[in-house]
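The values are calculated or read from the model by the stated rules, or taken from the named source; none is laboratory data. Every value quoted in this text rests on a predicted model; they were computed, and no experiment measured them. Cβ: placed from backbone, ideal geometry, glycine included. Neighbour counts: every protein chain shown. Areas reflect the complete protein model, heavy atoms only, side chains present, ligands, DNA and RNA absent. Shrake-Rupley method; radii C 1.70, N 1.55, O 1.52, S 1.80 Å.
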Amino acid sequence: MKHVLPFEKPVVELKEKIAELKKFTSDSEIDLTDEITRLESRLEKLEAEVYGNMQPWDRVQMARHPERPTTLDYIHELFDLFIECHGDRYYGDDEAIVGGVAKYKGIPVTVIGHQRGKDTKENIRRNFGMPHPEGYRKALRLMKQAEKFGRPVICFIDTKGAYPGKAAEERGQSEAIARNLKEMAGLTVPVVCIVIGEGGSGGALALGVGDRIHMLENSTYSVISPEGAAALLWKDSNLAQKAAETMKITSYDLKELGIIDEVIPEVKGGAHRDVQAQATYIDDVLMETLKTLRSLTVEELLEQRWEKYKKIGAYTTLEG
Amino acid sequence: MIKGGINLLKDIFSKKKKYATIPNEESKQEVPEGLMLKCPECKKIYYRKELDKNLKVCPNCHHHYRMTARERIDSLFDANSFEEWDANLISENPLGFPGYLDKLEKDRKKSGINEAVVTGKGTINGFPAAIGVMDAHFRMGSMGSVVGEKIARAIEKAREQKLPFIIFTASGGARMQEGVLSLMQMTKTSMAIERFHQAGGLLITVMTHPTTGGVSASFASLGDYNLAEPGALIGFAGRRIIEQTIREKLPDDFQTAEFLLKHGQLDKVVHRHDMKELLTDLLDIHQPGGGQ
């Protein structure tokens, strides 16, 4: 494990200790089996304590973990076939978003997702998973193609946000996002959105208008990053930890606020510990979701989608 | 240790101020109370009444001051034709954000409106139209649950009543204190627009100063006609964030209405004095019922 998060340090240290003792036992005459058993049961308790009691800030760290599986990792695990398609047909190909046609348990689908890199080189290529307008326009092109051929759309959300750059503004970042929101609202095929890492504001939302929105347990979805919120609200970006709690950005918070449909459990210690196992957790939910949505007529689908978003909000009427 | 001590001493004896007071957007844009005022652009001094009579446009350099929602409505709709919708809808505090409800209460008192958007219908030179006018005097025009709800409801009503819809935007973006609920208002409003669009409804958006973030990236950009007032700041990300990200200085006209026009994001930049006439002509072209 290359990257250890601060809160999970005790677990990792204990694991290393156990490994050390095991090696010592096998290499020498001295038998430490009893100690090892004792430590292993302690590890189990410690893991339950550490991972069972994660604070919002811990989850933020987990969502941003450099080894966290990306869209392409899950595509590889979940689909039998994936043909990636490139370009928005207007300007270029934005590699911060990947998309294409795939087969899911024999059913043709369209898959689209934000794509981060796992190292510097790949991150530069992928612009750290922060799309330009051409990325959103490519996504929309593929969604419209899915609509034409009656394929469900599956979106993986994993971005810090739409790229705040000069060129992005010149080419209409706002318009590209807004257009996707409007067009996704009217897609006549089922749309399933799964937040797999960070769901950063409008840049995430532009792939996030679906009939169902699910979130991996340790992913986040927010109007602004905790650092940004802290800087804006309290003029101090060091208060990010506090902002992560106040802003209600974890999967459980969003479930409670009635914004997402399901929290998809994660492998103990985070999705990056076992991407195959994690994919099966996603698979279970995705299969059920698609089964339900594909049984609806277009009218039912659109009406339910509208009802779902129409009711989001907290307001009351002023008396007198 | 010693070096730090010396610096501390230097600080005590130095009279140089470490921070400069930068006037914020609000104080720059606000028309100051009093008889006379000075244009923030051309520095010309004139009577306040002169400005009011001129629809809050500087008679000298044509700088467009901010308007309140009421002023905007009065400047466009035929006398006594405006009927307001959902005026009493107010926000709750869904995240339990400290001090949020007090801030809302204060802005309600200060601005005389209950939220950052006023919606309703009326006639413009005889043509019926529904409208949403945002007001940057209320929480910087930020979009929370109520702004999203009022706009979505108004668009739905316009669809049902087969009325064209006009939106004047003025907003700093999503309202932080309502967190992800405000983000979802982008979806809600855009969805209402898609339904309106499917029904053949005419949507005209007019972006006024400022239109940024979540509002710019949702309904503001979705008009059949996207218009803007001269000099209005319009953009997705803030200038400072972009400068920090790309590490270069941005041109002065970056994210102005004129900049957007040049880059193909707007149909037209419209002087406030010409607004009513242009809207009338657009409504006329789409009769009856704005295409529905």
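So here's what we get for this one:
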| item | result |
| --- | --- |
| Lone unmet requirement of (1) surrounded by 22 or more Cβ atoms within 10 Å (Cβ to Cβ); (2) charged (D, E, K, R); (3) facing chain B (nearest Cβ under 10 Å) for residue A:183 | (1) |
| Candidate set from the stretch B:152-177 (those that are within 21 Å of residue B:201 (Cα to Cα) and basic (Lys, Arg)); member that is farthest from the other protein chains (Cβ to nearest Cβ) | B:162 |
| Sole exception among (1) more than 9 Å from chain A (Cβ to nearest Cβ); (2) free of Cβ contacts under 8 Å to residues at least 12 places away in the same chain for residue B:180, by number | (1) |
| Criterion: within 11 Å of another protein chain (Cβ to nearest Cβ) and either open to solvent by less than 20 Å² (accessible area, probe 1.4 Å) or more than 14 Å from the chain's Cα centre (by Cα) (or both) - qualifying residue of B:93, B:60 | B:93 |
| Residue among A:135, A:52, A:113, A:129 that alone is surrounded by fewer than 22 Cβ atoms within 10 Å (Cβ to Cβ) and not basic (Lys, Arg) | A:52 |
| Condition broken by residue A:268, with the remaining ones in (1) out of contact with any Phe, Trp or Tyr (no Cβ under 9 Å at 6 or more places or on another chain); (2) more than 12 Å from every other protein chain (Cβ to nearest Cβ); (3) open to solvent by 10 Å² or more (accessible area, probe 1.4 Å); (4) touching a residue at least 12 places away in the same chain (Cβ under 8 Å) satisfied | (1) |
| Selection status of residue B:205, open to solvent by less than 10 Å² (accessible area, probe 1.4 Å), at the interface with chain A (Cβ under 9 Å from one of its Cβ atoms), touching a Leu at 6+ places or on another chain (Cβ under 8 Å) and not in a helix (DSSP H, G or I) | no |
| Hey, residue B:149 open to solvent by 10 Å² or more (accessible area, probe 1.4 Å), within 16 Å of residue B:91 (Cβ to Cβ) and within 11 Å of chain A (Cβ to nearest Cβ) or not | yes |
| Those residues of the stretch A:139-178 which are open to solvent by less than 10 Å² (accessible area, probe 1.4 Å), assigned to a helix (DSSP H, G or I) and more than 30 Å from residue B:250 (Cα to Cα), in sequence order | A:142, A:143, A:146 |
| Candidate set from the stretch A:12-61 (those that are within 29 Å of residue A:158 (Cβ to Cβ) and β-branched (Val, Ile, Thr)); member that is modelled with the highest pLDDT | A:60 |
| Candidate set from the stretch A:281-315 (those that are free of Cβ contacts under 8 Å to residues at least 60 places away in the same chain and open to solvent by less than 50 Å² (accessible area, probe 1.4 Å)); member that is farthest from residue A:266 (Cα to Cα) | A:314 |
| Meets criteria (modelled with pLDDT of 95 or more and closer than 29 Å to residue A:7 by Cβ) for residue A:94 | no |
| Residues that are under 30 Å from residue A:249 (Cα atoms) and either surrounded by 24 or more Cβ atoms within 10 Å (Cβ to Cβ) or among the hydrophobic types (A, V, I, L, M, F, W, C) (or both), drawn from the stretch B:188-202 | B:188, B:189, B:190, B:191, B:192, B:193 |
| Wholly enclosed strands (runs of 3 or more DSSP E) of the stretch A:202-320 bearing at least 1 residues within 14 Å of the chain's Cα centre (by Cα) | A:212-216, A:220-222, A:262-264 |
| Residue count, the stretch B:229-266 (criterion: in contact with a strand residue (DSSP E or B) (Cβ under 9 Å, 6 or more places away or on another chain) and open to solvent by 70 Å² or more (accessible area, probe 1.4 Å)) | 3 |
| Residue check, residue B:223 at pLDDT 95 or above and out of contact with any Phe, Trp or Tyr (no Cβ under 6 Å at 6 or more places or on another chain) | yes |
| Members of the stretch A:40-61 found to be in contact with a strand residue (DSSP E or B) (Cβ under 9 Å, 6 or more places away or on another chain) and in a helix (DSSP H, G or I), listed by number | A:56, A:59, A:60 |
| Subset of the stretch A:186-208 (residues that are facing another protein chain (nearest Cβ under 7 Å), open to solvent by less than 10 Å² (accessible area, probe 1.4 Å) and under 29 Å from residue A:107 (Cβ atoms)) | A:205 |
| Of residues in the stretch B:208-222 being of a type outside the set (Ser, Thr, Tyr) and at the interface with another protein chain (Cβ under 10 Å from one of its Cβ atoms), the one nearest to residue A:206 (Cα to Cα) | B:217 |
| Residue in the stretch B:267-283 that is of a type in the set (Asp, Glu), more than 7 Å from chain A (Cβ to nearest Cβ) and open to solvent by less than 50 Å² (accessible area, probe 1.4 Å) present | no |
